[in-house]
There are 2 protein chains.
Amino acid sequence: MSETRQQAERARQAFLKLSADADRTAILKDLAEALRAGAESIFAANARDLEAARGTLAPPLYKRLMFNEPKLRDVVDGTLQLAEMPDPVGRVLETTELDEGLTLQKIQTPIGVIAAIFESRPEVVAQIAALAIRSGNAVLLKGGREAAQSNAAIGKIIESVLERHGVAGAVQLVSTREEVFQLLAMDDLISLVVPRGSYDMVRHIQQNTKIPVLGHADGVCHVYVDEVADPEKAARIAVDSKAQYPAVCNAAETLLVHKDFPAREQLFAALRAAGVELRMETGFGEEFLDYIMSVRVVDSMDQAIAHIHRYGSAHTDAIVTENEDAAKRFLREVDSAGVYWNASTRFSDGFRYGFGAEVGISTNKTHARGPVGVDGLMIYKYLLTGNGHIVATYSGENARPFRHRRVS
Amino acid sequence: MSETRQQAERARQAFLKLSADADRTAILKDLAEALRAGAESIFAANARDLEAARGTLAPPLYKRLMFNEPKLRDVVDGTLQLAEMPDPVGRVLETTELDEGLTLQKIQTPIGVIAAIFESRPEVVAQIAALAIRSGNAVLLKGGREAAQSNAAIGKIIESVLERHGVAGAVQLVSTREEVFQLLAMDDLISLVVPRGSYDMVRHIQQNTKIPVLGHADGVCHVYVDEVADPEKAARIAVDSKAQYPAVCNAAETLLVHKDFPAREQLFAALRAAGVELRMETGFGEEFLDYIMSVRVVDSMDQAIAHIHRYGSAHTDAIVTENEDAAKRFLREVDSAGVYWNASTRFSDGFRYGFGAEVGISTNKTHARGPVGVDGLMIYKYLLTGNGHIVATYSGENARPFRHRRVS
């Protein structure tokens, strides 16, 4: 058995304990304290990673690699927030009385063993560990090589807390690149893969596993400015959607403008003033991740919606209009994880949605869609309690009818 | 473009209409009426299928191929029941006020285009079509060759109803075996695959697609008779779980008996009297689908749970006990789609659970688990309504805080 498979088996066993009688709230509180107490060891390890990366990593990646006091504070606060959340494990979602003395309950449960694969950002180790503990899932984490020392320091702190609570192995780091391929092949032990990284990285994972992958490869978001849009709102929303932070998945890549919108030039001028290069009638479906926006003038809202369905990535798309009927139709018809009316696409984010923490943003059509928090790491099981009930009673000629009374 | 791809593109376009402004309830009512009115054409086509299959199909498959008046009645009743259900599309699942005038709604939506692949049973065409229409999804159906005439007759009736409502293409039959491989490769157009059939068929599909597959390959269900089980209940539940209908996925395959359960011989005798062959300490994890049961005497409930996790398929597992603490621990710790206390595993079924109709039973750990009804064919999207709101307001030094007030 490979070492990675042994890790996955160990994670599976730890999951069974963590999801059953472990005190997940106490673990999270201890984890927050241990991370705070271990600050110096994490910062020292991070300094070694930064030293090794100096000059070899592009500045944005180098910045993401940094783990400093503000990031630690965020991680500790986030962990404590999760500790304060009501325990999602075992929550009763529905109760139905099938017949007298025969009660069906739908109960929220964790998924099992999750593999999380990400680049740079050492704080992701602590964030995902905390989300996994809150949701009762075990997790195997594969971070980037550039953050190896930082990740190891954080992983060591997490492991010592888990050990104290009898659930050692519920959060484990895997370290080599070969191990990723091994993880992706273990569809008998791993129930979900959560990648966070570049388009190429996510796409590669999606193409190389049979395990469900929760995430998104690209974010090709649109702002559609309708005929009767308010010019000031249109400019404000387009500028924020594109230029507030262009390097992220919820930044808009394409501006669609109704041919009869009267303030088109004013809109373009606002974008250009924010440093945005406009590419007219070209680049549709491209994720620029930069101060570049493709622009198309459309004849109708129908054409705008058809454009979004054809070129978009079903991430987040917005309409700017003062026409409520048009807005409602847009909200109903656009088949994306987020559909917005008179608001910036940049709101598409777990923290802004109020989830407290997020695993990532999903453009999947099953399981979880949009920003994913603790809920997206949960599934359910059905508990049936009887008193000797058998199916023969409800079958054949003298079949007793079911009651099927929904209790909650 | 292949013909199958054209069909999938057409289904995608039909989905966008069906999920938006189509009157799905009226379609279902018309469909029930049209199926009733088309009875003779379906029966005639079915007679041709039966004639062609005589002598070549095993008796259980031949029986499943038959589409007669009682089956038509079930299908028509089921369609009318779905018509009476509240429309699940657009249901508001949650509402959160992010800030003044900025409201987030989580709305239930269909998934998109679904591929359903099944064997024999022509009624499945009508059942899955009705479920798809209710849930606003388009569906591509691939039935068995042996039912080709029956399926085509039912498909023709469905198509004429859809055409009348302007959503032609929302339900389509695909007919050749090559088309299945083409369907499984179209992960850009098809969002979910629902297979219903043999272990080999489902396993083959799971191994040959990147599209999420909702279903189960096998059902290795267990009955665990605890030390303090009531002997009469134990015998009744074990016999029903195994012998009420052994050829199905929710029939029990293995009996686990606590070593100190006093009425062991009485339990075995009851099973043998029901025609069950007991295989002692062998055959664990095998799906017999017959009057055969493997038996293991265990030292403890922990050993029983470990056995279930090792050999089971996480479908449905039951404990028989009068000890409430033991039962609660079993219900909590066993990681299966259905976990039962003093009830037969045979209850694991969408109709018995009160779902009205079922797509199948899922042993997945994501999206939907256990018997799957309309709910399992739904996902959600987030609608955000603002009034010119931008993220810049909530960022940086003078960031305005979010309100995050859960409204519903």
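Sort out which residues of region B:218-274 are in a loop (DSSP other than H, G, I, E, B) and touching a His at 6+ places or on another chain (Cβ under 9 Å), and write them in order of number.
B:Asp218, B:Gly219, B:Val220, B:Asp226, B:Glu227, B:Val228, B:Ala229, B:Cys249, B:Asn250
Please count how many residues of region B:259-295 are more than 14 Å from B:Ala235 (Cβ to Cβ) and either touching a Ser or Thr at 6+ places or on another chain (Cβ under 7 Å) or of a type in the set (S, T, N, Q) (or both).
Going through region B:259-295 one residue at a time, the tally reaches 6.
What's the total number of residues in region A:244-269 that are facing chain B (nearest Cβ under 9 Å) and aromatic (Phe, Trp, Tyr)?
Counting residues in region A:244-269 that are facing chain B (nearest Cβ under 9 Å) and aromatic (Phe, Trp, Tyr) gives 1.
Kindly establish whether A:Ile205 is of a type outside the set (D, E, K, R), under 30 Å from A:Ile27 (Cβ atoms) and either touching a helix residue (DSSP H, G or I) at 6+ places or on another chain (Cβ under 9 Å) or surrounded by fewer than 24 Cβ atoms within 10 Å (Cβ to Cβ) (or both).
Against the criterion (of a type outside the set (D, E, K, R), under 30 Å from A:Ile27 (Cβ atoms) and either touching a helix residue (DSSP H, G or I) at 6+ places or on another chain (Cβ under 9 Å) or surrounded by fewer than 24 Cβ atoms within 10 Å (Cβ to Cβ) (or both)), A:Ile205 qualifies.
Under the condition of being assigned to a helix (DSSP H, G or I) and more than 7 Å from chain A (Cβ to nearest Cβ), which residue from region B:323-338 is surrounded by the most Cβ atoms within 10 Å (Cβ to Cβ)?
Residue satisfying both the conditions and the ranking: B:Phe330.
Assess whether A:Ile305 counts as being under 21 Å from A:Tyr245 (Cα atoms) and more than 22 Å from the chain's Cα centre (by Cα).
Considered against the rule, which asks whether it is under 21 Å from A:Tyr245 (Cα atoms) and more than 22 Å from the chain's Cα centre (by Cα), A:Ile305 comes out as no.
Could you tell me whether any residue of region B:285-295 is touching a residue at least 12 places away in the same chain (Cβ under 8 Å), under 30 Å from A:Ile379 (Cβ atoms) and not in a loop (DSSP other than H, G, I, E, B)?
Yes; the residues of region B:285-295 include at least one that is touching a residue at least 12 places away in the same chain (Cβ under 8 Å), under 30 Å from A:Ile379 (Cβ atoms) and not in a loop (DSSP other than H, G, I, E, B).
How many residues does region A:312-371 hold that are β-branched (Val, Ile, Thr) and more than 29 Å from A:Ser300 (Cα to Cα)?
Start the filter on region A:312-371 by keeping residues that are β-branched (Val, Ile, Thr), which leaves A:316, A:319-321, A:334, A:339, A:345, A:359, A:361, A:363, A:366.
From the residues that got through so far, the ones that are more than 29 Å from A:Ser300 (Cα to Cα) too are A:359, A:361, A:366.
Qualifying residue count for the region: 3.
Looking at region B:192-206 only, could you name the residues that are in contact with a strand residue (DSSP E or B) (Cβ under 6 Å, 6 or more places away or on another chain) and polar (S, T, N, Q)?
B:Gln206 - this is the single residue of region B:192-206 that is in contact with a strand residue (DSSP E or B) (Cβ under 6 Å, 6 or more places away or on another chain) and polar (S, T, N, Q).
Per-residue answers, yes or no, for (1) surrounded by fewer than 20 Cβ atoms within 10 Å (Cβ to Cβ); (2) more than 30 Å from B:Glu287 (Cβ to Cβ); (3) in contact with a Ser or Thr (Cβ under 9 Å, 6 or more places away or on another chain):
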| site | (1), (2), (3) |
| --- | --- |
| B:His307 | yes, no, yes |
| B:Thr321 | no, no, no |
| B:Asp349 | yes, no, no |
| B:Tyr380 | yes, yes, yes |
| B:Arg406 | yes, yes, yes |
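Checking the conditions here, which among A:Arg48, A:Arg91, A:Arg134 is over 28 Å from A:Ala368 (Cα atoms) and either at pLDDT 95 or above or within 14 Å of chain B (Cβ to nearest Cβ) (or both)? Outline the logic, then answer.
Numbers: A:Arg91 fails: over 28 Å from A:Ala368 (Cα atoms); A:Arg134 fails: over 28 Å from A:Ala368 (Cα atoms).
Answer to the selection: A:Arg48.
Kindly establish whether A:Gly373 is of a type in the set (Gly, Ala, Ser), more than 8 Å from every other protein chain (Cβ to nearest Cβ), crowded, with 19+ Cβ neighbours inside 10 Å and within 26 Å of A:Gln127 (Cα to Cα).
yes
Within region A:363-408, track down each residue that is in a loop (DSSP other than H, G, I, E, B), out of contact with any helix residue (DSSP H, G or I) (no Cβ under 8 Å at 6 or more places or on another chain) and among the β-branched types (Val, Ile, Thr).
A:Thr363, A:Thr366, A:Val407
State the number of residues belonging to region B:153-183 that are surrounded by fewer than 20 Cβ atoms within 10 Å (Cβ to Cβ), in contact with a helix residue (DSSP H, G or I) (Cβ under 8 Å, 6 or more places away or on another chain), at pLDDT 95 or above and not basic (Lys, Arg).
Qualifying residue count for the region: 4.
Taking the condition under 26 Å from B:Gln172 (Cβ atoms) and at pLDDT below 95, does B:Gly78 pass? Can you show your working first?
Numbers: under 26 Å from B:Gln172 (Cβ atoms): yes; at pLDDT below 95: yes.
Yes: the conditions hold for B:Gly78.
Given the criteria farther than 25 Å from B:Lys210 by Cβ, without any contact (Cβ under 8 Å) to a residue 24 or more places away in the chain and surrounded by fewer than 24 Cβ atoms within 10 Å (Cβ to Cβ), does B:Gly101 qualify? Break it down into steps so the answer makes sense when it comes.
On the way: farther than 25 Å from B:Lys210 by Cβ: yes; without any contact (Cβ under 8 Å) to a residue 24 or more places away in the chain: no; surrounded by fewer than 24 Cβ atoms within 10 Å (Cβ to Cβ): yes.
No; evaluated as a whole, the condition is false for this residue.
If a residue must be within 22 Å of A:Asp302 (Cβ to Cβ) and either surrounded by fewer than 23 Cβ atoms within 10 Å (Cβ to Cβ) or of a type in the set (A, V, I, L, M) (or both), how many such residues does region A:234-257 contain?
The total comes to 7.
Are any residues in region A:234-259 of a type in the set (Ser, Thr, Tyr) and under 16 Å from A:Gly312 (Cβ atoms), and if so, which ones? Steps first, answer last, please.
First, pick out the residues of region A:234-259 that are of a type in the set (Ser, Thr, Tyr): A:241, A:245, A:254.
Hits for region A:234-259 are A:Ser241, A:Thr254.
Which helices (runs of 4 or more DSSP H) does region B:1-76 wholly contain that include 1 or more residues that are touching a His at 6+ places or on another chain (Cβ under 9 Å)?
Qualifying helices (runs of 4 or more DSSP H): B:3-18, B:24-37.
Condition first: more than 7 Å from every other protein chain (Cβ to nearest Cβ), hydrophobic (A, V, I, L, M, F, W, C), out of contact with any strand residue (DSSP E or B) (no Cβ under 6 Å at 6 or more places or on another chain) and in contact (Cβ under 8 Å) with a residue 12 or more places away in the chain. Can you find one or more residues in region A:389-399 that meet it?
no
Just checking, does region B:26-37 include any residue being farther than 20 Å from B:Leu140 by Cβ and within 14 Å of chain A (Cβ to nearest Cβ)?
no
I'd like the full set of residues that are of a type in the set (Val, Ile, Thr), away from chain B (no Cβ under 11 Å) and under 23 Å from B:Thr385 (Cβ atoms), limited to region A:201-243.
A:Val220, A:Val223, A:Val225, A:Val228
Taking region B:19-70 on its own, how many of its residues are under 30 Å from B:Gly90 (Cβ atoms) and touching a helix residue (DSSP H, G or I) at 6+ places or on another chain (Cβ under 7 Å)?
Count: 12.
Going through region B:339-360 one residue at a time, which ones are part of a strand (DSSP E or B) and modelled with pLDDT of 95 or more?
Residues satisfying the conditions are B:Val339, B:Tyr340, B:Trp341, B:Asn342, B:Ala343.
The values are calculated or read from the model by the stated rules, or taken from the named source; none is laboratory data. This one's a predicted model, so the numbers in the text were calculated from it and none came from an experiment. Methodologically, a virtual Cβ is constructed for each residue, glycine included, from the backbone with ideal geometry; neighbour enumeration extends over all protein chains shown.
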